[in-house]
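Right, one structure below, let's go through it.
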Amino acid sequence: MTITFSPKQLKIINAPYDHTLEVNEGTPRSSKTTAGVFRYADYLSWSRDQNHLVTAYNQEQAYRLFMECDGFGLIHIFGDLAEIKHDEHGDHLLVQTPNGEKKVYYKGGGKADSKKAITGMSLGSVAFCEIDLLHMDMIQECFRRTFAAKDRYHLADLNPPAPNHPVIKEVFEVQKMRWVHWTIDDNPIITEERKKEIYETLKKNPYLLQRDWFGNRVIPSGVIYSMFDMEKNIKQKLSGKKIEMYFSGDGGQSDATSVSCNIVTRHKGKKRAYDFKLNRVAHYYHSGKDTGNVKAMSIYAKEIKEFILWCQEKFEMRRSQVFIDPACKALREELHLLGVQTRPANNNSKDIKGNSKGIEVGIERLQSAMTNEQFLLIETNEYDHYHFIKEIGMYVRDDNGKPVDKDNHCSDEARYSNNYFYKRYVLGG
């Protein structure tokens, strides 16, 4: 197979290894990750260190982005010279190189305790996928794990974060770094016609145009849930008395299907006898558009039922309700055939509150729940919150202040779950 690289990709792949950290930052679909994978493969071919690490928000993403990479990942580059293995340190790609065997471990790094998975390991290098989504403790531990490397090397990629993102000051500005900016023009396989189509979509929103077309760091004034705090709204475990478990979902075949497991907990109140919190404890997500694997509704229903049963066993609770977007009639019917009864979710279509109506009422409720730390994400090893966290950073308003109907499947079903919580526990509590 012949691969055509852009001039920028070739420059990156062939650059000298004279920096502690190399960062590729820019727009989605700019081909920066592909260039990084080939660059990393070149490094592995001559490095004198045996153990290396690829880390992303979770292990699945680390594998998908770097090992697989749409057919251009490490497992494809090395072909018969590589195979997936497992040892006492975890899953890894064992690669045969001219300079000996290399073990490339792939692990999740988005949680506060992720660093435990690499404590005690000695690494020659680390590749950070979407470094802005990783937990800072994990990032810093990765740099410590390479202190004794013979050929120390770090590679990171990311879409442009907000200018005040901690990774800029705490990582980029303290390392000897080579920073390269990428835009969609650096991708050799995207046609001019497709670029025009993407531009026409992005130009409707100044925030998206600057971030996803020009690749600039911009203050996310247009992001609807900008008040979500990665520290205050994410907890490592449930606290309080468990009161109710219910599920909320939004679905489609080409669009993303997103279903969350929600547990309401009761806590000793400050202003009244009890306060309640809405804990998003697990998340099923699949996008036919993003993965290229469009599933039948019957398959989605089967996987969602498995997700529901897993949650019930994991948290030792029985579900009370399964709310699904009223527009997803096919998904509801398939779930009914499997014995999972559903109810239409409250999508705010009839809500009016002051000057707000419809979806805006639900958005304001969820914004308040986030601000008041009533809405929490609880970390779990399976069914994690990668897609939710990523999406709420992209769910924005257009020039007229209206929510853009894009990147909103997780946000919509989170709004549905909060509507139920609000009416039953905030108003009724």
Legend entry - Check on Ile131, aliphatic (A, V, I, L, M) and over 21 Å from the mean Cα position of the chain (by Cα): no
Review point. Does Ser368 fit the bill of being in a loop (DSSP other than H, G, I, E, B) and not hydrophobic (A, V, I, L, M, F, W, C)?
Key: no
Among residues of region 183-215 being surrounded by 16 or more Cβ atoms within 10 Å (Cβ to Cβ) and under 15 Å from Pro161 (Cβ atoms), the residue modelled with the highest pLDDT is Gly215
Within region 219-255, of all residues that are at pLDDT below 90 and of a type in the set (Gly, Ala, Ser), the one nearest to Leu202 (Cα to Cα) is Gly222
Sole miss for Gly215 among (1) in contact with a His (Cβ under 8 Å, 6 or more places away or on another chain); (2) part of a helix (DSSP H, G or I) is condition (2)
Practice problem: Return yes or no: is Trp179 surrounded by fewer than 18 Cβ atoms within 10 Å (Cβ to Cβ) and in contact (Cβ under 8 Å) with a residue 24 or more places away in the chain? | Solution: yes
Of the residues in region 318-361 that are within 20 Å of Ile263 (Cβ to Cβ) and among the small types (Gly, Ala, Ser), the one that is surrounded by the fewest Cβ atoms within 10 Å (Cβ to Cβ) is Ser320
Filtering region 63-104 for residues that are within 21 Å of Ser31 (Cβ to Cβ) and either more than 25 Å from the chain's Cα centre (by Cα) or hydroxyl-bearing (Ser, Thr, Tyr) (or both) leaves a count of 3
Cβ pairs under 6 Å, 6+ apart or interchain, first in region 221-244 and under 18 Å from Asp275 (Cβ atoms), second surrounded by fewer than 17 Cβ atoms within 10 Å (Cβ to Cβ), ordered by first then second residue, are Lys232/Glu373; Gly240/His267; Glu244/Ser320
Filtering region 372-405 down to residues that are in contact (Cβ under 8 Å) with a residue 24 or more places away in the chain, among the charged types (D, E, K, R) and part of a loop (DSSP other than H, G, I, E, B) yields Glu373, Glu379, Glu382, Asp384, Asp398, Asp399
Of those in region 363-376 that are under 28 Å from Glu303 (Cα atoms) and buried (at least 21 other Cβ atoms within 10 Å of the Cβ), the residue farthest from the chain's Cα centre (by Cα) is Leu366
Query raised in the report: Do we find that Tyr416 is touching a Lys or Arg at 6+ places or on another chain (Cβ under 6 Å), assigned to a helix (DSSP H, G or I) and closer than 27 Å to Lys235 by Cβ in this structure?
Result: no
Restricted to region 216-265 and to residues being in contact with a Gly (Cβ under 9 Å, 6 or more places away or on another chain) and among the polar types (S, T, N, Q), the residue surrounded by the fewest Cβ atoms within 10 Å (Cβ to Cβ) is Ser254
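The values are calculated or read from the model by the stated rules, or taken from the named source; none is laboratory data. None of these values were measured; they are calculated from a predicted model. Neighbour counts run over all protein chains shown; Cβ positions are idealised from the backbone, glycine included.
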